[in-house]
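Participant: To start, I am sharing the structure in question, which I have written as structure tokens.
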Amino acid sequence: MSIFDSLSFDIDLKLENSPIYYKCKQNDTITFSFNVYDNGLSADLTGFSCILNVNKANMGYEIRDTDITITSNNIRVKCPSSTTQFSGDIKFEIKLIDRINNLQKTSFDIFVKVQNSILASSNGNIPSVIITPLEHLDESLNQIAGKIVEANAMNATLINTKNSANSTNTILNTTINNAKNTTSNLNNAIDEGNNVIDKLANTNWAYIEWIGSIVEKLAIGTLDDENGTPLVDENNEQFIG
């Protein structure tokens, strides 16, 4: 049952049904939902239409076949606010019509007590010139409420998008910082490698110079140790190349 349905009733086409009573205020738009059964089983309402007859509190009548929906074994009847324009006791009659032969299958009644509105006149009536603006006001308020809900939803989406963007920006900044640290470490490693290469080059050059000096001394016939002292044999005689 929709939250806009006044009440939901069970009706059996073959059994005796209890009287249906309901209370409302003037200018209420009443919506009834009826679950129809045939001797305890869901009734097949295929091929049937429905008519609403209203005996209003001012002894006026309304007959309507609009705003009535039949689905499976359910009849949903939306009664316009004009039916509750006058305070007092009113009677609704729901008639099921076979569309094939246009014969009335059955009918059932709903008794409604309409209570006075604060806008009612001394005789308990609300003029139609007031009812129509009230309906338009209610419609406008509902539209405004819908726009507020829509705006709140859009704001929530915007906040989520902003939070997601902030999170992405944080991740991006972290990635950039990590890349900078990696680059710095790589540059340090390159500098250390260059230092090692320079040291190896210097050591290699010193070794080459030392070998060259030995070769040179061999060429002139004398040998010195690493301190430049002439090398001698066990007889204390200098080595001569």
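None of the figures in this text is laboratory data; all of them are computed from the coordinates on show. Since the model is a prediction, treat every value here as computed from it, not as a measurement. Backbone-built Cβ (ideal geometry, glycine too); neighbour counts: all protein chains shown.
Participant: Please list, ordered by chain and number, the residues whose modelled amide H lies under 5 Å from the amide H of I11; skip anything fewer than 5 residues away on the same chain.
Facilitator: N35, V36, Y37
Participant: While we're looking at this one, here's another question. Work out how much length Y22 to A189 would gain on full extension: take 0.36 nm times their residue separation and subtract the Cα-Cα distance, in nm to one decimal. Each step should come with its number before you reach the end.
Facilitator: Numbers: separation 167, 0.36 × 167 = 60.12 nm, distance 8.89 nm.
Full extension of this stretch gives 51.2 nm more.
Participant: Quickly rank 150-161, 27-38 as a protection proxy: mean count of other C-beta atoms within 10 Å, highest first.
Facilitator: The most tightly packed comes first, giving 27-38, 150-161.
Participant: Right, next: Check T106: other-chain or 5+ apart residues with amide H under 5 Å from its amide H, H built from backbone geometry?
Facilitator: L96
Participant: Considering only Cα-Cα distances, which of the following residue pairs are longer than 22 Å: K25/K95; K14/K56; K25/K91; K56/K78; K56/K113; K25/K105? Can you show the working numbers first?
Facilitator: Values: K25/K95 25 Å; K14/K56 28 Å; K25/K91 15 Å; K56/K78 16 Å; K56/K113 11 Å; K25/K105 32 Å.
Result: K25/K95; K14/K56; K25/K105 exceed 22 Å.
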